[in-house]
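Q: Below: one structure in structure tokens.
The values are calculated or read from the model by the stated rules, or taken from the named source; none is laboratory data. Treat the numbers as computed from the prediction; the structure is a model and nothing was measured. Every residue, glycine among them, receives a Cβ derived from its backbone with ideal geometry; neighbour counts consider all protein chains shown. Just so you know, the surface numbers come from the protein's heavy atoms only, side chains and all, with ligands and any DNA or RNA stripped out. Shrake-Rupley method; radii C 1.70, N 1.55, O 1.52, S 1.80 Å.
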Amino acid sequence: MQYSVSFPTADVRYIFDIPFTDICGQINLEETIIITDEHVASLYEQQFAGFKRVIAIPPGEGHKNLARLGFIAEALLEAEAHRRTFILAVGGGVVTDVAGFVASTYMRGLSFAFVPTTLLGMVDAAIGGKNGVNYGLQKNLLGTIQQPEFIFYNISFLNTLPQWEWSNGFAEIIKYACLFDTALLEELEQHDLQHYINNSAALMALIQKCAGWKNKIVQEDEKETGSRKLLNFGHTAGHAIETVYELSHGQAVGLGMIIACMLSVEHSGLDSSFIQRLLQLLQRYALPFEKVVDPVQLIDVLKMDKKRNVETIDFILLSDIGQPLIQPLTLTTIHQALETFSHASHH
Ligand SMILES: NC(=O)c1ccc[n+]([C@@H]2O[C@H](COP(=O)([O-])OP(=O)(O)OC[C@H]3O[C@@H](n4cnc5c(N)ncnc54)[C@H](O)[C@@H]3O)[C@@H](O)[C@H]2O)c1
Ligand SMILES: [Zn+2]
């Protein structure tokens, strides 16, 4: 299956469920350079035969930095990459973010495409044209918005994905359900992680639904001046939690969504029963509730949030499931909610 999605700056083809070798038939391998990470390269080496070059960076968020950009630029020069060289990024969100940035800046821009190999990549990171690298403590400080020519989905890549990486993807899936899709939330409540790991038809439908939600938002607001901010649901507190505690992104976003919902009960009329529902849902997808939050430490990190206005931080709240809103909240208000949260989590 294939379809094209029109964003303000470009059209992107979405290609589903054909073998990777078939995608190779649609591009000129001799002019295509794969950018991947060492982990994915070692698992899928045999599929990368025939390409002009394979550039593999070390895996992990710690390598999403300027030094890696330099390393890739050197490798591209060495491979004599030129304006018509095609870049195919094969990997998780780190790879697509870095490769998208390199491709959109090397010689002022090469054509590129993405093959996401993590669930999080398939439902989130590969979609929407944002790419970039971290600088110092600032996540994604340096980057561009540039759409890939196509995004190729093949869920058989997920066969090798460790379970906690599945859960990271499900945190984003639960996010879309809370933000936009009551029916999806109910579907997720009827199943669990193992159901989707074992049922590729259900998984494919789920990925397409979530990709659809992200596409819709990016079509409306590619440059994130308005509704695209909604996708930060759970991420404002989540990023702070991730900075302070050794938790996976999915666990941190899970906690961040709980905090956002507690703020929503106070400030936007969300029914308080939803918090318990969300806690149970997170557990079904191996995103347990962790008793870790120290309000003072989190506030300190939130103060450095780059999206902060002078007095307030924009939080994404819900007035109901599927009814998100952007609400500026003062640090005092947030501090109170975090206090309540850490008390609740200790009982
Ligand atoms: N551009 C965006 O809009 C956007 C949106 C969300 C997240 N992101 C970024 O995405 C990144 C997170 O992405 P991620 O969770 O995919 O992380 P990741 O790229 O670090 O991948 C996670 C791990 O899985 C491994 N891996 C990848 N594919 C595999 C496979 N098929 N089998 C086995 N192992 C595999 C990787 O080597 C890595 O160790 C973050 O840097 C985040 O900022 C970007
Ligand atoms: Zn996220």
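Q: In this structure, is E165 crowded, with 19+ Cβ neighbours inside 10 Å, in contact (Cβ under 8 Å) with a residue 12 or more places away in the chain, among the acidic types (D, E) and within 13 Å of ligand 1 (Cβ to nearest atom)?
A: When the stated conditions are applied, E165 passes them.
Q: Which residue pairs have Cβ atoms closer than 6 Å, lie 6 or more positions apart in sequence or on different chains, and pair a first residue in region 229-256 that is under 25 Å from Q219 (Cβ atoms) with a second residue that is more than 12 Å from ligand 2 (Cβ to nearest atom) and open to solvent by 20 Å² or more (accessible area, probe 1.4 Å)?
A: Within 6 Å, the pairs are K229/I326; L230/P324.
Q: Looking at region 207-286, what helices (runs of 4 or more DSSP H) fall wholly within it and have at least 3 residues that are open to solvent by less than 20 Å² (accessible area, probe 1.4 Å) and modelled with pLDDT of 95 or more?
A: 249-267, 273-284
Q: Of all residues being assigned to a loop (DSSP other than H, G, I, E, B) and in contact with a helix residue (DSSP H, G or I) (Cβ under 8 Å, 6 or more places away or on another chain) in region 74-104, which is most open to solvent (accessible area, probe 1.4 Å)? Just the residue, please.
A: It comes out as R84.
Q: So the check is Cβ under 7 Å with 6+ separation or different chains; which pairs have a first residue in region 42-54 that's more than 23 Å from E74 (Cβ to Cβ) and a second one that's within 11 Å of ligand 1 (Cβ to nearest atom) and in a helix (DSSP H, G or I)?
A: Note: pairs meeting the criteria are L43/T160.
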